[in-house]
Amino acid sequence: MNSISDTLENVKDTVQSAGSRLEHKAAVQAGKAVARQQARTADLLASQDKELKAIRREVEELRKTMSSGGFPWGLLLLAGGAYFLYRRNAGVREQVDGLLQRVNPGIEGNLARAKDAVKDAANDLSRGDSPKDALGRLGGEVQRAGEKTVDHLKDTAGDLKKDAQAKVDEVRKGTDRPADPH
C-alpha cells in the first residue's frame, strides 16, 4: 500500500508544483499585460501633451495677434464678400431683407412674423398637424401690431392736441391785447 500512497503523494506534489508554476506564469503574463497597457497609456498621454502644447502655442499666438492691435483682415474680407453678394445677387438680397424685416421691432416686423405664422399654420394643416401653435403666434403678433398702432395713434393724437392748444393759446394772446389808442 505504500506504493499507492507514495504514488498519490508524488501526484499531489506534482500537481501542486504545476499549479504553483502556472500561478507564477499567470502572474508574469498579467504583469507583462499591465506593463504593456501602462506603456500605451504613457504614449497616449505623451501624444496628448504634444497636442495640448501645440494648441497652447496657437492660442498664445492668436492672443498676441489680437492684443497687438493687428487688423482683422479675415473679418474685413468676410464683410466685403457678404456685401458683394448682397449687392450682386437678388436672391441673397431678398433673403437678407426678409430676415431684417422679421427682426424689425416695429409694426412691419410684427406683420412679417404674422405672415410667417399664417404660412406655418397652412403647412401644419397640409401635413395633418395641429396649427394651434402657429395660430397662437399669429394672434400674438397681430395683437402686438395692434397695440403698437394704437400707441402710435395716441402719441400722434397727443402731439396734435398739444399743437392745437399751442395755436389756441397763441391766438388768445393775440386777442387779449388792449386796443392800440392811436
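Just checking, which of Lys132, Lys115 is open to solvent by 80 Å² or more (accessible area, probe 1.4 Å), among the basic types (Lys, Arg) and at pLDDT 85 or above?
None of the other options fit; the residue is Lys132.
Is it the case that Glu9 is open to solvent by 100 Å² or more (accessible area, probe 1.4 Å), of a type in the set (Asp, Glu) and out of contact with any His (no Cβ under 6 Å at 6 or more places or on another chain)?
No; evaluated as a whole, the condition is false for this residue.
Sort out which residues of the stretch 94-138 are closer than 24 Å to Tyr83 by Cβ and over 25 Å from the mean Cα position of the chain (by Cα), and write them in order of number.
Glu108 - this is the single residue of the stretch 94-138 that is closer than 24 Å to Tyr83 by Cβ and over 25 Å from the mean Cα position of the chain (by Cα).
Checking Ala79 against (1) under 30 Å from Lys148 (Cβ atoms); (2) in a helix (DSSP H, G or I), only one condition comes out false. Which one?
(1)
Of these, Leu78, Leu44, Leu22, Leu62, which one is of a type in the set (A, V, I, L, M), closer than 30 Å to Val96 by Cα and open to solvent by 90 Å² or more (accessible area, probe 1.4 Å)?
Just one listed residue meets the conditions, Leu78.
Test Val103 against the criterion of being farther than 30 Å from Val150 by Cβ, of a type in the set (Val, Ile, Thr) and either open to solvent by 90 Å² or more (accessible area, probe 1.4 Å) or modelled with pLDDT of 75 or more (or both), and give yes or no.
No, not satisfied.
The values are calculated or read from the model by the stated rules, or taken from the named source; none is laboratory data. All values derive from a computational prediction rather than experimental measurement. For neighbour counting, all protein chains shown are included, and Cβ atoms are generated from backbone atoms with ideal geometry for every residue, glycine included. Ligands, DNA and RNA are stripped out before the accessible areas are found, and what is left, the full protein with its side chains, is counted by its heavy atoms. Shrake-Rupley method; radii C 1.70, N 1.55, O 1.52, S 1.80 Å.
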